[in-house]
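First comes the structure, then the notes that go with it.
The values are calculated or read from the model by the stated rules, or taken from the named source; none is laboratory data. Predicted, not measured: the structure shown is a model, and the values here were computed from it. Reconstructed Cβ throughout: ideal geometry from the backbone, glycine too, with neighbour counts over all protein chains shown. Quick note on the areas: whole protein, heavy atoms, side chains included, nothing else; ligands and nucleic acids left out. Shrake-Rupley method; radii C 1.70, N 1.55, O 1.52, S 1.80 Å.
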Amino acid sequence: KYAAQEALDAKAEPSLTCPVACVLGPRGQHLHEVWFTTLAQLPPKFRSIVWVKRGNYVMVDLAKQLTDKIGGEITMVLLAAQVKQLKQAGGWPTQYAN
């Protein structure tokens, strides 16, 4: 219950250690290939709540590098309203500005 509320109501604030990334596709075992690093893992508390598919935008915590191949952990799946809010606030990365 609380994980669902956290996943849906969290405020998106990208930083250098937790930037926005575009999902290129799933790779199995709750791993997803993202734009700037090879793989990012979806934490267990969000696995049954949110689904990540190709083209979604996520925030990846680069400080939580798990192995050589897994470059970070997905901390937030950005919903359409959160993407719109980031674009209006000027916090949207320029490489995704289309």
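When Glu73, Glu33, Glu13 are compared by accessible area of protein heavy atoms, the largest-first order is Glu13, Glu33, Glu73, using a 1.4 Å probe.
Remark: spin-label model distance Leu79-Thr38 equals 3.4 nm, labels positioned 7 Å along the Cα→Cβ axis. Our summary gives the chain a relative contact order of 27 percent, counting only alpha carbon pairs under 8 angstrom and 6 or more residues apart. Binning all Cα-Cα separations of segment 2-83 at 5 Å, short to long from zero, yields these whole-percent fractions: 3, 17, 30, 28, 18, 5, 0.
Only Cα sites of segment 45-86 enter the Debye sum here, all with the same form factor; the resulting log10 I(q)/I(0) across q = 0.16, 0.25, 0.27 1/Å is -0.48, -0.97, -1.03, listed in q order. Taking each residue as 0.36 nm, the span from Leu66 to Lys11 lengthens on full extension beyond its C-alpha to C-alpha distance by 17.3 nm.
Computed about its Cα centre, the charge dipole of the chain is approximately 260 debye, with only Lys, Arg, Asp and Glu carrying charge at their Cβ. Rounded to whole numbers, the Karplus 3J(HN,Hα) couplings from phi for segment 62-70 are 6, 6, 9, 6, 8, 9, 5, 8, 8 Hz, using 6.51 cos²θ - 1.76 cosθ + 1.60 with θ = phi - 60°, and x at Gly and Pro.
Dividing the summed -39500 (n - 2.57) terms of all DSSP H runs of n ≥ 4 by the residue count of the chain sets its mean residue ellipticity at 222 nm at -5000 deg cm²/dmol.
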